[in-house]
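In what follows, a structure is listed as structure tokens, so that the remarks can point back to it.
What follows draws every value from the coordinates through simple rules; no lab data is involved. Values in this document were obtained by computation on a predicted structure and should not be read as measured data. Counting neighbours? That spans all protein chains shown, and the Cβs are built from the backbone with ideal geometry, glycine included.
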Amino acid sequence: MNIMSEAAVEKALDQKMNTVPYKMIGKDVSVYYGEKRALFDVNLNIRENTVTALIGPSGCGKSTFLRTLNRMNDTIENCRVTGKITLDTDDIYDPTIDVVELRARVGMVFQKPNPFPKSIYDNVSYGPRIHGLARTKADFDEIVETSLQKAGLWNEVKDRLQEPGTGLSGGQQQRLCIARAVAVSPEVILMDEPCSALDPIATAKVEELIHELRTNFTIVIVTHSMQQAARVSQRTAMFHLGNLVEENDTDKMFTNPDDQRTQDYIMGRFG
Amino acid sequence: MTDIASSTVRISARPETAKRDIGIKRRYAAERRFRFYGMAAISTGLFFLALLLWTVISNGYTAFQQTTITLPIEFTEKVVDPKGERATDGKVLLTANYPLLVRDALVKQLGLDASKRPQVKQATDMISASSRTLLRDLVVADPSIIGKTVPVTLLAEANIDSAFKGQIDLKVDESKRKVKDQQVTWMNQLAEAGVLKKSFNTGIFTFGASSRPEAAGVGVAALGSFYMMLIVLVLSLPIGVAASIYLEEFAPKNRLTDLIEVNINNLAAVPSIVYGLLGLAVFINFAGMPRSAAVVGGFVLTLMTLPTIIIATRAALKAVPPSIRAAALGLGASKMQTIFHHVLPLAMPGILTGTIIGLAHALGETAPLLLIGMVAFVVDYPGSPMEPSTALPVQIYMWANEAERAFVERTSGAIIILLIFLVVMNLGAILLRRRFERRW
């Protein structure tokens, strides 16, 4: 894993976004569901240690694009992806790339909190266990603790790690899912509307968490909330009808977008 | 301010003309009617269930009682081993004239004249002919009782049993019934002496087939059923679950898998006797497996149960929320890990319920067993599934064909035993379901 020192991250963030290296590069990405085409030659690059927000009206293909990044579309019948997506230098749709290994490097958090119906401990330790990241009980304990700390959940659950994860509140469940994703030490974390099922307080906590996670992970987040995109992201990409309309620094995007459609969407004129 | 406000509030009067008929009354009437239909349907069902249970139990509860006669049997050496050869020739003890011992004891008990043959014959007829094996087993098990007098509890003959339970109308002319007046007199005499009495019938649980009702039981048939259930469970659970997982999770969706799916659903509806014919043709005629053996019965019932288990398992797998699969796949679990770590455990209650319901169905199945020769008169416990055996429902079927009063009550008694097995299995299914659901 490629962790930059904190000082380096701060420095990088202080600089203009354009100088941050690309973590993932999507070139001419098209997705077909059977005969229906859902994405049209999208060229979108994800910068390292950056939060990239994907916005756009419903059905615009932003979730579809997100799911191409860890090949979750593979699980959908009749789904076909063309174009090229690279993670660092690896083409993730190359036949030699194992999807299991890819998903260990590109984790995912879903719209609805979906903890396993197991204990909190087992939820977090499941990923490391199947990938053989730890051997002894002490190693697992450590991974569970650090992951829960990174997800800001440790203090709330440290005394009840053996209780079922499904017994937590919605916001806690979503942070547990984030901890579960973090435990595998991925390089990129994909988030598909992670706050849409949460109340404003839980949302604020998750947003704060996303902010902190940026130092260690590259994050791509799909959101319907313009304010959320503005709050958590450094880069924003706007999708419309399967096309990438504009991709820009978030500040610029929300103040002076290049494209009229972006302007209209942000102002709430359609969508 | 508030006064003014309240005084200025005006409620619009409902215009008479605007009163629409939106059919409220009709809707409620329809609902009431529907509720009545539902309740009528349920009451009808409950009524017939109650009728069934009442018929079976009122006919069958007496099968769990048996009239016994306890006599002090004198194991005289003169009768058991007249030539004193038992040390050298073991056959002597097996072939001895045990009924003579019973006769002597009974004659003594009733104070009869042993020389009056017809009278003595009538008296000994009151005791089951199964006494011979009972006494023989006692002596063979412990030859030291020869020469001693031991009280032995013997079974009363079926007609005496029925008469003592009050099931035979004694007002009917003596020549038209099997129990003679003299026997009734002795019966009452013995009952007063405390020698003849009703006790719990353990025999119905342990004995095998017999032409004498008092010595007939479902023990052997139950063991045959047990063997078959074991075979069905061991074969159909893994095969059914493996087939369902493959079809549900791995198989491509194409015409072939559609065809397989349609066929599985159809197979579940195929009459069970067709499976019996299949078993006869394939397992017995083609593969040359033994006739009337539990192993063949088990195979046939496995084939019959598989569609039920596959359908239940697929439904249980389908019911697992997709979000759990997505979560596991998103973490980098392989398809196999996703299924075995997350999907299967969550589907387990449904799978187990389906399996037990399938097993219960198989336990009560008779028709296919008739064709593979399990309608057999089996006296001894089968030592293995390869030996001839019969099954509980088949035993019921055979007893139902018998005319004697004592078999009528035993038929109902065996039905009660079978129903208890089924209820226990279904309870097990419910408990397993609860247990697993709580754990998850």
Problem - Net charge contributed by nearby residues that have their C-beta within less than 15 Å of B:V179 (K/R +1, D/E -1) - result: -1
Exercise for the section: Excluding residues on the same chain fewer than 8 positions from B:K197, give the lysines whose Cα lies under 17 Å from its Cα. Expected result: B:K165
Exercise for the section: Determine the dipole magnitude for the protein assembly as shown: charges of +1 sit on the beta-carbon of Lys and Arg, -1 on that of Asp and Glu, nothing else is charged, the reference point is the Cα centre, and the result goes in debye to the nearest 20. Expected result: 2040
Exercise for the section: Give me a single rounded figure for A:122-134: the average over its residues of other chain Cβ atoms within 10 Å of their Cβ. Expected result: 2
Problem - For chain B: relative contact order, % (alpha-carbon pairs under 8 angstrom, 6 or more apart) - result: 19
Fill in the blank from the handout: Env charge @ A:T89, Cβ radius under 15 Å, K,R +1 / D,E -1, value -3
Practice task
Pull up the cross-link candidates among the aspartates and glutamates for B:K178, meaning alpha carbon to alpha carbon under 17 Å and not fewer than 8 places away within one chain.
Solution key: B:D125, B:E157, B:D161, B:D169, B:E214, B:E402, B:E404
Handout entry: Footprinting exposure proxy for B:F421, B:F250 (fewest neighbouring C-beta atoms within 10 Å first)
Key = B:F250, B:F421
Problem - Hits among lysines - C-alpha to C-alpha of A:K158 under 26 Å, sequence gap 8 or more where chains match - result: A:K112, A:K118, A:K137, A:K150, A:K205
Problem - Helix-only [θ]222 nm of chain B, DSSP H runs n ≥ 4, -39500 (n - 2.57) each, per residue, nearest 500 - result: -19000 deg cm²/dmol
Completion exercise
Between B:Y381 and A:N78, the FRET efficiency computed from the C-beta separation at R0 = 41 Å comes out, to the nearest 0.05, as 0.10
Problem - For the protein assembly as shown, with +1 on Lys and Arg beta carbons and -1 on Asp and Glu, the positive-most of B:N201, B:L359, B:V320 along the dipole - result: B:N201
Exercise for the section: Per DSSP H run of n ≥ 4, the term is -39500 (n - 2.57); total these for chain A, divide by its residue number, and report the mean residue ellipticity at 222 nm rounded to 500 deg cm²/dmol. Expected result: -10500 deg cm²/dmol
Completion exercise
In this structure, the FRET efficiency calculated for A:K158 and B:V140 from their beta-carbon separation, with R0 = 56 Å, to the nearest 0.05, is 0.20
Problem - Mean Cα-pair separation over length for chain A, i.e. relative contact order, pairs under 8 Å, 6 or more apart, % - result: 27
Handout entry: Proxy reagent accessibility, fewest Cβ within 10 Å first, across B:Y397, A:Y126, B:Y61
Key = B:Y61, B:Y397, A:Y126
Completion exercise
Neighbours of B:I146 by Cβ distance under 15 Å: Lys/Arg at +1, Asp/Glu at -1, summed charge -3
Practice task
Select from B:G298, A:T52, B:L51 the residue farthest towards the positive end of the dipole of the protein assembly as shown; place +1 on Cβ of Lys and Arg, -1 on Cβ of Asp and Glu, and compute about the Cα centre.
Solution key: B:L51
Problem - Cα pair distances of region B:61-201 binned at 10 Å [whole percent] - result: 11, 40, 32, 14, 4, 0
Fill in the blank from the handout: Given GluC sites (Glu not before Pro), DSSP loops and at most 15 other Cβ atoms within 10 Å, the longest exposed-site-free stretch of chain A is A:78-271
Handout entry: Sorted by Cβ neighbour density within 10 Å, fewest at the top, the residues B:I260, A:I143
Key = B:I260, A:I143
